[in-house]
Amino acid sequence: MISKLFRRTPRDESIARLYGTIVAQARAPAFYQIYGVPDTVNGRLEMIMLHAVLVLRRLESEAMPIRALGQKLFDQFCRDMGVGDLAVPRKMHRIGEAFYGRQAAYRGALELPGDERLTAVLQRNIFAGESERGAAVVLAAYVREAVRRLAANDGFESGQLTFPDPEEVFLRTRQRGVP
């Protein structure tokens, strides 16, 4: 009876797989070596937040119970970041606030046609305004492709998630003449 309290459920396994896929994608070397995302703690955190926002945005379009996966996924992000732990300083709580701010900015930019706003938001958040605008333009193309790929995804309950290959998106974007 008590062991049931500590046993992982299939839903817990799905959340772990989804979150693991988000983190693995955010850590893909192409983002740091080709796109020019800063290979720092902040740069990696920004990429995790970006990918988490994209998945959460997609889950919101689903009916229950799949939509409920979004809250569990966010809870996993918070646990991973140490947010909510009483032993963690207030500084860590800022990560949660930063997440909500970025979520609002990315959502707003993705709702608009074109990539002008999305590029500006990526430039500010991912690149901290320090790189050439071209890096944010190419990352915006990746984000749009990720949104398309996630829209076609239907394996959320089983923990299946597919993101585009960042190197392929980069090459296709460059071939089209995007800086």
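The values are calculated or read from the model by the stated rules, or taken from the named source; none is laboratory data. If you're wondering where the values come from, they're calculated on a predicted model, not measured in any experiment. When we count neighbours, we look across all protein chains shown, and the Cβ atoms used for this are built from the backbone with ideal geometry, even at glycine. All accessible areas refer to the heavy atoms of the entire protein, side chains included, with ligands and DNA or RNA removed. Shrake-Rupley method; radii C 1.70, N 1.55, O 1.52, S 1.80 Å.
The relative contact order of the stretch 101-140 comes to 36 percent, based on Cα pairs under 8 Å that sit 6 or more residues apart.
Would you work out the relative contact order for the stretch 62-177, in percent, from Cα pairs under 8 angstrom that are 6 or more residues apart?
16
Just need log10 I(q)/I(0) for the chain at q = 0.11, 0.17, 0.18, 0.19 Å⁻¹, Debye formula, equal scatterers on the alpha-carbon atoms, no solvent, rounded to two decimals. With no solvent term, the Cα-only Debye profile gives -0.48, -1.12, -1.24, -1.36.
Between Gln175 and Ala128, the distance separating the two model label sites (each 7 Å from Cα on the Cα→Cβ line) works out to 3.5 nm. Derived scalar couplings between HN and Hα for the stretch 162-174 equal 10, 10, x, 6, x, 5, 4, 4, 4, 5, 4, 5, 5 Hz in order, rounded to whole Hz, by the Karplus curve 6.51 cos²θ - 1.76 cosθ + 1.60 (θ = phi - 60°), x for Gly and Pro.
Each label point was placed 7 Å from the Cα along the Cα-to-Cβ direction; for Thr162 and Met64 their separation is 3.0 nm.
Among Ala26, Ala105, Ala52, the largest mean-square fluctuation in a Gaussian network model of the chain (Cα springs under 10 Å) belongs to Ala105. Ligands, DNA and RNA are left out, and with a 1.4 angstrom probe the accessible area of the stretch 47-179 is 52 Å² per residue.
Of the residues Met64, Met47, Met81, ranked by 1.4 Å probe accessible area with the largest first, the sequence reads Met64, Met81, Met47.
With a 1.4 Å probe and every protein chain kept in, tell me what percent of the accessible surface of the chain is carbon plus sulfur. So the carbon and sulfur contribution to the accessible surface is 53 percent.
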